[in-house]
Amino acid sequence: MAQALFGQLLIGLINGSFYALLSLGLAIIFGLLNIVNFAHGALYMVGAFAAWFALEALGIGYWPALLLAPASVFLLGVVIERTMLRRLYQLDNLYGLLLTFGLTLILEGLFHHRYGNSGNSYPVPELLQGGTHLGFMFLPKYRAWVVVVSLAVCFASWWVIERTKLGSYLRAGTENPRLLQAFGVNVPLMFTLTYGFGVALAGFAGVMAAPIYQVTPAMGSNLVIVVFAVVVIGGMGSILGSIVTGVGLGLVEGLTKFLHPPAASTVVFVVMAVVLLVRPAGLFGRER
Amino acid sequence: MSGPPGIQETRAAYRAGIITPRRKALFFAAMAAVGLVLPFAVYPVFLMNVLVMALFASAFNLLLGYTGLLSFGHAAFLGSAAYVTGGVVKYWGLPVELGLLAGTAFATALGWIIGGLAIRRAGIYFAMITLGFAQMVYFLVVQMPWTGGEDGLQGIPRGKLLGLLPLSGNLTMYYFVYAIFLGGFFLVYRTIHSPFGHVLRAIRENEPRALSLGYDVNRYKLVAFVISAGLAGLAGSTKALVLQFAALTDVHWHRSGEVVLMTLLGGMGTVMGPSVGALVVITLENYLAGFGDWVTIITGAVFVVGVLAFRRGFVGEALRMLRNFPF
C-alpha cells in the first residue's frame, strides 16, 4: 500500500520536474519574446530523439548526449527564431502561437513518418542502474537522479536570471526591450539566445525523459498541453512560481493516480478550473 | 492597426465601393444557387463534409475574427456534440431532430461552462485555458464506456426527417445538411451585423474603452462564446449523422488547430473566409489522404506560410485585388 503510494508520488515528482523545466522555458520565452511557444513539446521530443539517435546510429552514450541533445535543440531554436519568429514580434501574439503550432505539426509529422508510432526504448546509463531500498519504498537510482538534476537546473536558471548581470539584461528586456537597446545591448541577439536557451531546457528534459518513457513522436504534444495548464495555474510572472507549481502539480497527479487512477489524466485541468474560479490571475501571477 | 487584416480589407472594400448591398445580395443569391446544384456535379458526402466544417469555422470566426478571442479548444464542442447526438440516436432511438437538438444543447451548455471559466483570463492565456479544457473533454470521451474508445461510436442511423423523409440517401441528406448550414451561416451573419456584433467588435478593438462606455464586457464575451460553441456543436451533430459515426479525431486538438487554419487561410474576420478556408483545407486533405504523415507535415507547412505571408487569407487578398483593379 505505502509502496504503491510512494511509487506514484515518485513518478509524480519526476513528471513535476519535467513540468517545471518546460514551464520555466515557456515563461522565459514568453516574458521576453511575448510568444507562447507551442512547439515546446515537439522540441522536447526532438531532444529525446536526438539522444536516442546519437546512441543508435553514432554510438554516443548518455553523458555526452546530455549536452549534445540540448545543444542541437538550441541550434534548431536559433534557426526557428532567426528565420520565422523574428517576423512576428510586431504582430498580435496569437500569430506566434499559430506559427509554433504549425512547426509542431511539421516536426511531429516528420518524426512520425521516419520512426512510426511505436516507442523506442533508451537504456538507463550503466552508472545509474539499480537502486536502493529506503525501507518504505524502492528508489531506482536513475529516477532520483532525474529529480535532483532537473531541480538543480531549474534553480540554476533561476539564479542566473535573478542574480547575475546577464539575467538582469533579460529582466530589463522583459520590461522594456527598446530602452535596453538604447543602452547599447544587442537586443535582437538576446531574443535569439533566449529562445534557444528556453527550448534547450525542453531538449534537456527530453534527454532526461528518454530512459524513463518510450521515445515516441507524440510524447511532447500531450505533455505541452498539461504544461500550458501548469502555466495558467502558476502564472508566468515568477520563475520560482513556475518551479513550485510544476512540481506541486506533478505530485497532485501522482496522488490522484494512487487514489483514483482514471482521474489522473484530467486532475490538472480540474485544478486549473478551481484556480480560475478562486484566483483568476494564477497562484503566483500578476495580471498584465 | 485594429483587428485582423481580413476585417481591414473588408472595411476598405466597403469604403472603395467594391462591396455594395446590391452586389452582396447578388453574391449570396448566386452562392446559394450554386449550393443547390452542386451535388449533381460533386460527390455529396465530400460536399457535406465541407459544409459541416464551413459551419464550424464560421462559428469559430465569430470568436476569433469578431471578438478577438482565440479558442484553441473548439474541437471539444464539435466532438462532444457528435458523440451526444450519436449516443441518443443510436442507444435511445431518438429521432434525428431531437438528436441534433441534444448535441447542440450539450455543446451550448459546455460552452457556457468552459467559456465562463476561460474569460476570466485575457489574451493568450485564454487560448491555453480552452486548449486545456478541450484536452480534458478528450480524455473523458476516451474513458467513457459508451463512446467506443479508439474505435469511435459507430453505426449511427440517419433515420427519417420528421418521421417521414428517410435521410439514408446521400442526396436527400445533402439538402438537409445544406439547410442546416444556411441556417447556421445566417445566424452568424446576423450576429456579426447586429448591434450585439458591433459591441463585440468594439471589445476586440479596445476592451478598456468598451468597458468604460458601460458595456459588461465579460457578459458579451461569454454570450459570443456560447453562441459559437452551440453552432460548433450543431456542426458536430450534423457531422455525426453525415458520416454515421463519431470519432476521437473530432475531439482531438488537431481538429481545434484545423479550424484555426481554415479561418486563417480563408480570412479571419471576413464573412466568407471560414467557408473558403474549409473548402480549401478539406479539398487538400482529400487529395493528400493517401500520403499518410504528409498530410500533417503539409498542414503544418501551410500553417507556417499562412502566418508568415498570408495573414489576409484568400478572401482578404481577393478583396485587396478587387480594390486595386476596380471593375
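Quick note: the coordinates plus some simple rules give every number you see, no bench work behind them. Only a predicted model underlies this, so the values are computations on that prediction, with no experimental measurement involved. Because the Cβ atoms are built from the backbone with ideal geometry, glycine has one as well, and the counts that use them run over all protein chains shown.
Of all aspartates and glutamates in the structure, the ones whose alpha carbon falls short of 14 Å from that of B:Lys221, not counting any fewer than 8 places away in one chain, are B:Glu205, B:Glu207. Dividing the convex hull volume of the alpha-carbon atoms in the stretch A:40-106 by its residue count gives 82 Å³ per residue. Note on chain B: Rg/Rh from Cα positions, Kirkwood definition for Rh, rounded to two decimals, is 0.96.
Given the protein assembly as shown, what whole percent of its Cα pairs are spread farther than 37 Å?
Result for the distance tail: 36 percent.
Backbone N atoms of the stretch B:105-125 closer than 20 Å to the 7 Å Cα→Cβ label point of B:Asn218 belong to residues B:109-125.
Counting 0.36 nm for each residue step from A:His260 to A:Ala2 and taking away their Cα separation leaves a gain of 91.4 nm. Note on the stretch B:165-238: Cα-only Rg and Dmax are 16.8, 55 Å. Within the stretch B:57-99, find all residues whose amide N lies under 18 Å from a label point positioned 7 Å from the Cα of B:Val142 along Cα-to-beta-carbon. Under cut-off, by backbone N: B:73-77, B:79-80, B:83. Among A:Ala20, A:Ala42, A:Ala152, the residue with the largest mean-square fluctuation in a Gaussian network model of chain A, with springs joining Cα atoms closer than 10 Å, is A:Ala152.
In this label model, B:Leu38 and A:Leu128 are separated by 5.5 nm, measuring between points 7 Å along each Cα→Cβ vector. Applying 1/(1 + (r/R0)^6) with R0 = 41 Å to the Cβ-Cβ distance of A:Leu277 and B:Arg22 gives a FRET efficiency near 0.20. Here the dipole of the protein assembly as shown is about 1560 debye; that uses its Cα centre as origin and unit charges on the Cβ of Lys and Arg (positive) and Asp and Glu (negative). Each Lys and Arg adds +1 at its Cβ and each Asp and Glu adds -1 at its Cβ; summed about the Cα centre, chain A shows a dipole of about 420 debye. Given the options B:Leu70, B:Leu98, B:Leu110, state which has the largest fluctuation in a GNM of chain B using a 10 Å cut-off (strictly under) for Cα springs. Looking only at B:Leu70, B:Leu98, B:Leu110, the largest GNM fluctuation is found for B:Leu98. How big is the gap, in Å, between the Cα center of the stretch B:114-128 and the Cα center of the stretch B:279-307? Between the Cα centre of the stretch B:114-128 and that of the stretch B:279-307, the gap is 29 Å.
Our summary of shape: the Cα atoms of the stretch B:233-327 have principal axis extents of 47, 29, 21 Å, ordered from largest down, in whole angstrom. Placing a pseudo-label 7 Å from each Cα along the Cα-to-Cβ vector at B:Asn170 and A:Leu91 gives an inter-label distance of 3.8 nm.
May I ask for the angle, rounded to the nearest 10°, between helix A:267-278 and the longest principal axis of chain A, with both axes built from Cα atoms and the value confined to 0 to 90°? Once rounded, the angle reads 50 degrees. Tell me which of A:Ala182, A:Gln129, A:Thr194 sits at the most positive position along the dipole axis of the stretch A:106-208, charges placed on C-beta atoms (Lys, Arg +1; Asp, Glu -1). Farthest towards the positive pole: A:Ala182.
From a point 7 Å beyond the Cα of A:Arg163 in the direction of its Cβ, which residues of the stretch A:222-258 have a backbone N at a distance under 14 Å? Under 14 Å, as judged by backbone N against the label point of A:Arg163, lie A:240 of the stretch A:222-258. Within the same chain, aspartates and glutamates fewer than 8 places from A:Lys141 are excluded, and of the rest, those with a Cα less than 17 Å from its Cα are A:Glu126. Which listed residue (B:Ser237, B:Val226, B:Tyr189) has the Cα farthest towards the positive end of the charge dipole for the stretch B:186-240, taking +1 on Lys and Arg C-beta and -1 on Asp and Glu C-beta about the Cα centre? Going by the charge dipole, the pick is B:Ser237. In the calculated pair-distance distribution of the stretch A:167-280, the portion above 17 angstrom amounts to 67 percent of the Cα-Cα pairs.
Axis of helix B:170-193 versus longest Cα principal axis of chain B: the two differ by about 30°, to the nearest ten degrees. Between B:His198 and B:Glu97, the C-beta separation translates, for a Förster distance of 30 Å, into a calculated FRET efficiency of about 0.35. Considering only A:Thr266, A:Thr256, A:Thr192, the mean-square fluctuation computed in a Gaussian network model of chain A, springs between alpha carbons under 10 angstrom, is largest for A:Thr266. Principal-axis analysis of the Cα atoms of chain A puts helix A:165-175 at an angle of about 70° to the longest axis.
What FRET efficiency comes out for the pair A:Ser121/A:Ala156, r = Cβ-Cβ distance, R0 = 25 Å, nearest 0.05? It comes out at approximately 0.30.
Treat each spin label as a single point 7 Å out from the Cα along the C-beta direction, and report the B:Ile113 to A:Leu58 distance in nm. Between B:Ile113 and A:Leu58, the label points sit 4.9 nm apart. Size of the stretch A:2-219 from its Cα atoms: along the principal axes, largest to smallest, the extents are 59, 41, 30 Å.
Placing unit charges on the Cβ atoms of the charged side chains and taking the dipole of chain A about its Cα centre, the candidate lying farthest along the positive direction among A:Leu10, A:Ile239, A:Leu58 is A:Ile239. For a test of the definition: using alpha carbon positions, the gyration tensor, and the 1.5 limit on a/c, classify the stretch B:10-149 as rounded, prolate or oblate. Judged from the Cα gyration tensor, the stretch B:10-149 comes out oblate (a/c at least 1.5, b/c at or above a/b). Dipole magnitude for chain B: computed about the Cα centre from +1 point charges on Lys and Arg Cβ and -1 point charges on Asp and Glu Cβ, it is near 1080 debye. Volume of the convex hull of the stretch B:253-306 (Cα atoms only), normalised per residue: 66 Å³.
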